[in-house]
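Please read the structure below before turning to the comments.
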Amino acid sequence: MILVKDNRCDFCGTCVAICPVDAIELREADISIIHDTCIDCDLCIYVCPIDVLSSDEKKEEVSHD
């Protein structure tokens, strides 16, 4: 699940533009993730220029033995 940290969003819209399923809404004073729609692709986390978004799930790392 994608989480919004400290509501520090500057409303640049980068995350909204990259979201493949339109699961992010920017409103006048906050950002909202539509968790029922979100596919947890984490693209929004990677493109956020001010590190406002995070994931509450640890991704499994593939070990190369």
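Laid out as a table, the results:
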quantity	calculated
Count of the stretch 26-50 residues which are at pLDDT 90 or above, in a loop (DSSP other than H, G, I, E, B) and farther than 11 Å from CYS9 by Cβ	9
Total residues in the stretch 25-36, condition in contact with a strand residue (DSSP E or B) (Cβ under 9 Å, 6 or more places away or on another chain) and over 11 Å from LEU3 (Cα atoms)	3
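The values are calculated or read from the model by the stated rules, or taken from the named source; none is laboratory data. Every value quoted in this text rests on a predicted model; they were computed, and no experiment measured them. Don't worry about glycine lacking a Cβ; one is built from the backbone with ideal geometry, like all the others, and counts go over all protein chains shown.
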